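Read-outs throughout are calculated quantities, based only on the coordinates presented, and are distinct from any laboratory measurement. Values in this document were obtained by computation on a predicted structure and should not be read as measured data. Here the Cβ positions follow ideal geometry from the backbone for every residue, glycine too, while neighbour counts run over all protein chains shown.
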Amino acid sequence: MRRPFFGRAFGRVKKGDSMDTIFKNALLEQNEVPEAILVSVFPKGEDPSDREASLAELERLLETAGGRTFAKLVQYKDHPENATYIGSGKMQELANLCQTGGVELVICDDELSPIQIRNMENALGGDVRVIDRSMLILDIFALHAATADGKLQVELAQLQYSAPRLIGKGKELSRLGGGIGTRGPGESKLESDRRHIKERIRALEEQLEGLVKNRELHRKQRAKSGIFRVAIAGYTNAGKSTLLNALTHAGVKEKDELFATLDPTTRKFALPSGNEILLTDTVGFIRNLPHHLIKAFRSTLDEVADCDAILLVLDISDREADEQLRVTTDLLKELGAADKPTLYLLNKCDKAENSIIPLMGAEAKGKIVPLSAKTGEGIPLLLEKLEELAAGGKREALLKIPSGKLGLISKLYTDAQILELNYTGDGAEVRAILDAATYGRLKEYITGDEGFTNDEE
């Protein structure tokens, strides 16, 4: 078998080079792209189109990680083998494919147990690395993590996932020399004994706890400002970053690849009325997203849970748009954000041949906006809908205005709906309905509130 080109490229690494730079240079210098064989088990009775779509998505994930597919191997079986994932006949076929093509990486579409990984690698001769869908996603996250916060969360997720899968890995990792499935914490960490790994996980969890508190503080500060907060959520590569850039010129990286955006980006945006809102681009969702990854990135995903409204972006040109909608809504439920006011943005409508509108249900009525974030089509309608959402975020509050600030009352008549006004010896008590901006501006005078009201009620 040929030696992986990564091992050769690492000998020319310059100090300060990022993993992404190293990877790209290796590709350029060697004119070679790592190849992998994709393996999937199709249970009998399962909709074949679902599994085929999942396998196609696995291929996109591999391309995003910088590799390409050498072959796909599918076994139709009631359930995967507990010990080896695939049966003995398919295992021999897989071994022959690896030998013939000089392929040193196998990726399975289901999450593998430590025993399955060890047995598959042993059956394939020891020179082939076996990873699963979850490890590939983690690898992409490691490749795209740009901030210290993002790298911290990726390392924690990778170590939590990899720790139980390290049995007998020292020699194999040393021999392979890097590449897809080995980014992030690095081989030296993965070769450490379990005690050190556990210590590292504990240290990362402590740092992550600090990160969570810091993000919560920032979110509370934004909430106090009274500015209406909108999260842009949706399936990975649906066009969320393109939309944020179209509205705010944020300069967020746009790439036709999965998980191009990992770290959330928040920008202030002025609506045509002059009313300001905060828009946050969030990490994309995907089917079978590892639970431990959701846990590690909870502080990031909470940007969705803590917002005032959601822009749910769907790539309407994708044949799997209906399944992507299901995955996205299920994850929003898991995050506790299912009841947030939501606009359904049918992005890439300029490329769409079919519509999933009939499949979206009654809850989406009046909340659908066909648009193209790339061309600007539909943006005016989106702005109208955002104006309605921001204006609807009102709450009834009781304010105690001191005698030296009674001038605020005339301002309230302009910016709010006064329900009751009583002057007292030391000022005035006012009951009024406030929008988010006014509420934040007068928060120090508020002694109680009745939560959000709905103008339609």
Exercise. May I ask which of Lys268/Lys385; Lys405/Lys443; Lys240/Lys385; Lys213/Lys333; Lys268/Lys405 have a Cα-Cα span longer than 21 Å here?
Key: Lys213/Lys333; Lys268/Lys405
Quiz item: Ranked from highest to lowest mean number of other Cβ atoms within 10 Å per residue, what is the order of the peptides 102-113, 71-82?
Solution: 102-113, 71-82
Practice problem: With θ set to phi - 60°, apply the Karplus curve 6.51 cos²θ - 1.76 cosθ + 1.60 along the range 309-321 and write out the HN-Hα couplings as whole Hz, x wherever there is a Gly or Pro. | Solution: 7, 10, 9, 8, 8, 10, 7, 5, 7, 7, 5, 9, 4
Quiz item: What are the ³J(HN,Hα) values, in whole Hz, obtained from phi via the Karplus relation 6.51 cos²θ - 1.76 cosθ + 1.60 with θ = phi - 60°, for each residue of the range 35-48 in sequence order, with x given for Gly and Pro?
Solution: 10, 9, 9, 9, 10, 9, 10, 9, x, 5, x, 7, 4, x
Exercise. Give the long-range amide H neighbours of Leu73: residues separated by 5 or more places, or on another chain, with amide H under 5 Å away, using H modelled in the peptide plane at 1.01 Å from N.
Key: Leu38, Val39, Ser40
Quiz item: What are the radius of gyration and Dmax of the range 394-453, computed over its Cα atoms and given in Å?
Solution: 10.3, 31
